[in-house]
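None of the figures in this text is laboratory data; all of them are computed from the coordinates on show. This is a predicted model, so every value here is computed, not measured. Here the Cβ is made from the backbone with ideal geometry for all residues, glycine too, and neighbour counts use every protein chain on show.
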Amino acid sequence: MSVPHTPSAVQLHPNSLYILTSPLMHGAFHWSLVHTDAYGRGTRHHWAPSSTSSRSERYVEQDFRGPSDAGVVIALFRLTSYVPLDLQSLRLLCAAVFPSSFATAEQNRAHGLNCRTWIARLLGRLREAGHLQRTADALGQMETKIHARSATCELEYLNAFMFQRVYHPAVENV
């Protein structure tokens, strides 16, 4: 049985910020951030393996043209309270979230460093810098909503996989 094709054409708004979720195991998700500039060009930012052969992790930036650039995408959540920030400033904020890493992913997990906590801390820094117009409580509620909706979308993805249908990632405002 093959993985259902995820279409690469997803319309992303210019000057926007999205949280992208991808399935891991046991109801967990990989969280990453997608930034679009004034022309709609996207970059993906996340806490991820340093390389395919490494057990260490770091902040990673990649071009993002659509879901096919990110493996299986369960959903994209557009942050409606985002005040646009230039890419270079975002890079600096991203790099400062976890300025250092432990030697392995396992050690990072033991110290609370993972993709979701990286996103949560980054969103807090964006809020403090005036680029997210939400309270700290609202950010926590948004995280809960994204996780719950991603779990529902994962079931839809698995259903598509089982019946070999195309899965269309959810694209929603939060």
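Name the most mobile residue of ALA48, ALA75, ALA136, meaning the one with the largest mean-square fluctuation, in a Gaussian network model of the chain with Cα contacts below 10 Å.
Most flexible of the set in this elastic network: ALA136.
Please identify, among HIS46, HIS35, HIS131, the residue showing maximal mean-square fluctuation in a Gaussian network model of the chain using a 10 angstrom Cα cutoff.
Of the options given, HIS131 has the highest mean-square fluctuation.
Which FRET efficiency, nearest 0.05, do LYS145 and SER51 yield, Cβ-Cβ r, R0 25 Å?
Efficiency, from the Cβ-Cβ distance: 0.15.
Applying 1/(1 + (r/R0)^6) with R0 = 35 Å to the Cβ-Cβ distance of ARG109 and LEU158, what FRET efficiency is obtained, to the nearest 0.05?
0.90
Using the count of nearby Cβ atoms within 10 Å as a rough guide to exposure, how do LEU123, LEU76 rank from fewest to most?
Starting with the residue having the fewest Cβ neighbours, the order is LEU76, LEU123.
Only loop residues by DSSP count here, and only those with at most 15 other Cβ atoms within 10 Å; note down the GluC sites (Glu not before Pro) in the range 72-174 that meet that.
In loop regions of the range 72-174 (DSSP not H, G, I, E or B), there are no sparsely surrounded GluC sites (Glu not before Pro).
Here are some values of percent of Cα pairs over 21 Å apart: (1) 56; (2) 43; (3) 48. Which one was computed from this structure?
Derived directly from the coordinates: (3).
DSSP loop chymotrypsin sites (Phe, Trp or Tyr not before Pro) in the range 120-171 with at most 12 other Cβ atoms within 10 Å of their Cβ, which ones?
Answer in residue order: PHE163.
I need MET162, MET25 ordered by Cβ neighbour count within 10 Å, fewest first.
Neighbour counts put them in this order, fewest first: MET25, MET162.
Could you size up the charge dipole of the chain around its Cα centre, putting +1 on the beta carbon of Lys and Arg and -1 on that of Asp and Glu, and report it in debye to the nearest 20?
Dipole about the Cα centre, nearest 20: 100 debye.
Please list, in order along the range 110-121, the HN-Hα scalar couplings obtained from phi with the Karplus expression 6.51 cos²θ - 1.76 cosθ + 1.60 (θ = phi - 60°), rounded to whole Hz, x for Gly and Pro.
Whole-Hz 3J(HN,Hα) from phi for the range 110-121: 4, 9, x, 9, 8, 4, 6, 5, 4, 4, 4, 5.
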